[in-house]
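Here the structure is laid out as structure tokens; the discussion comes afterwards.
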Amino acid sequence: MLNVIYEDNSIIVVCKPCNMPVAPDASGDADLLSQVKQYIKEKYNKPGEVYIGLVHRLDRPAGGIVVFARNSKSAARLSEQVRSHDMKRTYYAVVRSCPREPEGQLTNYLLKNQQTNTVSVVPQATEGAKMAVLDYKVLQTVSNGDRSLSLVRIQLQTGRAHQIRVQMAHIGCPLWGDQRYGFGVNKKGQQLALWAVGLTLTHPIAKDKRVFLCYPQTDTPWSLFKLELSPDISE
């Protein structure tokens, strides 16, 4: 069942479930783009192929807000907002332990290994390395057995592959459920705790600022935190 947060003639904003690809891929699994097309086709009884523009992506294991364009003009304008960083995406992550500083900016250089599909922090001079920058703020910290967990709000300044997962792991705070960058502290089968909670954009036609929210599911580890008491994403 497609979770539609907002729709009009120009855009449709939906909440992607965890472990679903945004667009069709080699796995052949059900994808969000195809679901949105089918939803529009059935709701408005549209004949033929439905146009839905893909303007940004969200990693398959993560869940949360994704916006699609419903016409080519909106797609072009939203894509430009992505390129110029005028579209702001805010993430919640549950991390192991707690960052040393309650808030700050992380700047690293990342290199992707195409064969293993893994990303690592490398020296700036490394050939092919790309700068990655994110801002974070610790919202809450709770005890979970002999370990502590922290709810962290993250805003990306760059959009690199696996950026949040790699940069947080690099400071000793891997994401809950991250088998790839969790350094053995996560158990097999745990769901990656990364959620696109907020999206701020300029409407491509109305030209006004819009803020959309979609809170994470209420299962573990999200249930350990009081999400509704967390600061607004526009801070």
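The values are calculated or read from the model by the stated rules, or taken from the named source; none is laboratory data. Bear in mind that the values here come from a model prediction, so they are computed numbers and not experimental data. All Cβ positions, glycine included, derive from the backbone under ideal geometry; neighbour counts span all protein chains shown. Accessible surface is based on the protein model in full, side chains and every heavy atom, while ligands, DNA and RNA are left aside. Shrake-Rupley method; radii C 1.70, N 1.55, O 1.52, S 1.80 Å.
The rows are residues; the columns are (1) open to solvent by 40 Å² or more (accessible area, probe 1.4 Å); (2) part of a loop (DSSP other than H, G, I, E, B); (3) without any contact (Cβ under 8 Å) to a residue 60 or more places away in the chain.
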position: ASN9; (1), (2), (3): yes, yes, no
position: PRO24; (1), (2), (3): yes, yes, yes
position: ALA30; (1), (2), (3): yes, yes, yes
position: LEU33; (1), (2), (3): no, no, yes
position: ILE40; (1), (2), (3): no, no, yes
position: ARG57; (1), (2), (3): yes, yes, yes
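What do you reckon, is LYS209 on the phi < 0 side of the Ramachandran plot, modelled with pLDDT of 95 or more and basic (Lys, Arg)?
For LYS209, the condition - on the phi < 0 side of the Ramachandran plot, modelled with pLDDT of 95 or more and basic (Lys, Arg) - is met.
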Filter segment 59-86 for residues that are at pLDDT below 95 and farther than 30 Å from SER143 by Cβ; the one that is nearest to the chain's Cα centre (by Cα) is ARG60
ask   = Right, GLU49: in a loop (DSSP other than H, G, I, E, B) and in contact with a strand residue (DSSP E or B) (Cβ under 9 Å, 6 or more places away or on another chain) or not?
value = no
Of all strands (runs of 3 or more DSSP E) fully inside segment 88-170, the set with 2 or more residues that are surrounded by fewer than 18 Cβ atoms within 10 Å (Cβ to Cβ) is 103-113, 118-122, 130-144, 147-156
Taking segment 187-199 and keeping only residues that are open to solvent by less than 20 Å² (accessible area, probe 1.4 Å) and either assigned to a loop (DSSP other than H, G, I, E, B) or not β-branched (Val, Ile, Thr) (or both), one is left with LEU192, ALA193, LEU194, TRP195, ALA196, GLY198, LEU199
Across (1) in contact with a Leu (Cβ under 6 Å, 6 or more places away or on another chain); (2) under 17 Å from VAL67 (Cα atoms), GLY177 clears everything bar (2)
message: ASN9 - would you say it is in contact with a Lys or Arg (Cβ under 7 Å, 6 or more places away or on another chain) and either within 20 Å of VAL197 (Cβ to Cβ) or among the β-branched types (Val, Ile, Thr) (or both)?
response: no
